[in-house]
Amino acid sequence: MEQAVAKVQSGMTLMIGGFLAGGSPLRMLDLLSQSPVKDLVLICNDTAFPDRAHGKLIANRQVRKVITSHIGTNPVTIEQMNAGTLEVEFVPQGTLAERIRAGGAGLGGVLTPTGLGTLVEAGKQKITVEGKEYLLEKWLRADMALLNASTGDRSGNLIYKGTSQNLNPVMATAADTVIAEVGELVETGDLVPETVHTPGIFVNYIVL
């Protein structure tokens, strides 16, 4: 675990899997919150809570920018945003997932009508397709993705139980380095192939 967290360097862009800390790599994030790493950019569904998951990083002022869809459960995020000490880029939740998917698939972005006529469209290119207007939402990638999986094998194949899949599978495709924290580690060949959500080819490191 310590070796994994030591790979995170100041200034990196991190993707953090999960939804309100469910499906997030809690132990890695706890260790990271105790490290001197700072100036991070987080790409995440939400900013969790001040005392849990990546919310701790924000509470410790280790984060300079967040790209997210929701901050309402973390008052510290709101305070820092209003004070101008934390940059927050709001992205509609479905658009966030699609931008990450585009980054993983090698696409330049996605076209969506979501956000037209709102603050979301500010500064973005509009494209008309067959008479209908869309926003071009550009891809998202990260230096590193920190994920959580219920089960993994020694080749890096991962399975997520229930809703803990939240953004973990798509984030695994869109980062230069992927570290997965797993609840159970099994031998290669023990997992039924068709139950695997993230193939091991996307995963660089596993911690138990």
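The values are calculated or read from the model by the stated rules, or taken from the named source; none is laboratory data. Keep in mind that what you see is a predicted model, and the values were worked out from it rather than measured. Every residue, glycine among them, receives a Cβ derived from its backbone with ideal geometry; neighbour counts consider all protein chains shown. Keep in mind that these areas ignore ligands, DNA and RNA; they rest on the heavy atoms of the full protein, side chains included. Shrake-Rupley method; radii C 1.70, N 1.55, O 1.52, S 1.80 Å.
Before moving on, here are some points about what is shown:
- For T73, the requirement of being of a type in the set (S, T, N, Q), touching a strand residue (DSSP E or B) at 6+ places or on another chain (Cβ under 8 Å) and assigned to a loop (DSSP other than H, G, I, E, B) is met.
- Of the residues screened, L107 is not one that is crowded, with 20+ Cβ neighbours inside 10 Å and either closer than 30 Å to D39 by Cβ or among the acidic types (D, E) (or both).
- Pick from region 138-154, criterion part of a loop (DSSP other than H, G, I, E, B) and open to solvent by 60 Å² or more (accessible area, probe 1.4 Å), ranking: farthest from M15 (Cα to Cα): R154
- In this structure, T128 does not satisfy being touching a Ser or Thr at 6+ places or on another chain (Cβ under 7 Å) and surrounded by fewer than 18 Cβ atoms within 10 Å (Cβ to Cβ).
- Looking across region 170-199, the residues that are buried (at least 20 other Cβ atoms within 10 Å of the Cβ) and either among the acidic types (D, E) or assigned to a helix (DSSP H, G or I) (or both) come down to V170, M171, E181.
- Verdict on R27 being part of a loop (DSSP other than H, G, I, E, B) and charged (D, E, K, R): no
- Subset of region 54-86 (residues that are open to solvent by less than 60 Å² (accessible area, probe 1.4 Å) and under 21 Å from T114 (Cβ atoms)): V66, I67, T68, S69, I71, G72
- Options G117, G162: the member that is out of contact with any helix residue (DSSP H, G or I) (no Cβ under 9 Å at 6 or more places or on another chain), at pLDDT below 95, open to solvent by 50 Å² or more (accessible area, probe 1.4 Å) and closer than 20 Å to C44 by Cβ: G162
- Test for T112: is it under 23 Å from the mean Cα position of the chain (by Cα), farther than 23 Å from M1 by Cα and surrounded by fewer than 14 Cβ atoms within 10 Å (Cβ to Cβ): no
- Residue in region 87-98 that is crowded, with 22+ Cβ neighbours inside 10 Å, of a type in the set (V, I, T) and assigned to a loop (DSSP other than H, G, I, E, B) present: yes
- Close pairs from region 99-122: first assigned to a loop (DSSP other than H, G, I, E, B), partner among the hydroxyl-bearing types (S, T, Y) and surrounded by 12 or more Cβ atoms within 10 Å (Cβ to Cβ), Cβ under 6 Å, at least 6 apart: P113/Y134; T114/T95
- Residue match in region 46-53 (condition: part of a helix (DSSP H, G or I), at pLDDT 95 or above and open to solvent by less than 10 Å² (accessible area, probe 1.4 Å)): no
- If you go through region 24-40 and keep only what is open to solvent by 10 Å² or more (accessible area, probe 1.4 Å) and under 19 Å from L147 (Cα atoms), you end up with L26, R27, D30, L31, S33, Q34, S35, V37.
- On inspection, L135 fails the criterion of being of a type in the set (A, V, I, L, M, F, W, C), surrounded by fewer than 16 Cβ atoms within 10 Å (Cβ to Cβ) and either in contact with a Lys or Arg (Cβ under 7 Å, 6 or more places away or on another chain) or part of a loop (DSSP other than H, G, I, E, B) (or both).
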